[in-house]
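A short write-up of the structure that comes next.
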Amino acid sequence: MSKPEEKNVPAKYLYYDYHNGHIAREETGNNLCASNRFEFYIDGEWINDYNMSLSLSDATMNCCGYTFGDYEELTEEEAMRLIKLQCK
């Protein structure tokens, strides 16, 4: 028996503006813990920032001193536009 070929499907992301200017993304369907849940666009690359990921995760659950008001959901187009503006 042969294994079915794995399809290379591009990841899909949800995007956020966290604390007015920190653009974050979350891969849809991921099961990562809160500290690895989000990547942030910093200095021209997507990185995981442990503390920011934890606090954005708390904000999405409205707990631990963080609220829904700490972030805004963005479309991919809005996120890319904001990233482009930051790079100028």
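Tabulated values for the structure
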{"quantity": "Share of carbon and sulfur in the accessible heavy-atom surface of the chain [1.4 Å probe, %]", "calculated": "49 percent"}
{"quantity": "Ellipticity estimate at 222 nm from DSSP helix runs (n ≥ 4, -39,500 (n - 2.57)) divided over the chain, nearest 500", "calculated": "-7500 deg cm²/dmol"}
{"quantity": "Nearest 10 degrees, 0 to 90: helix 50-60 Cα axis against the chain principal axis", "calculated": "80 degrees"}
{"quantity": "Extended-chain gain in nm, criterion 0.36 nm per residue less alpha-carbon gap, ASP43 and ASP58", "calculated": "3.0 nm"}
{"quantity": "Accessible surface ranking that places the most exposed of LEU54, LEU32 first, with a 1.4 angstrom probe", "calculated": "LEU32, LEU54"}
{"quantity": "Cα-Cα separations in the chain greater than 19 Å, expressed as whole percent", "calculated": "42 percent"}
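The values are calculated or read from the model by the stated rules, or taken from the named source; none is laboratory data. Worth saying up front: this structure is predicted, and the values here are computed from it rather than measured. Just the protein is used for accessible areas: all its heavy atoms, side chains included, with ligands, DNA and RNA removed. Shrake-Rupley method; radii C 1.70, N 1.55, O 1.52, S 1.80 Å.
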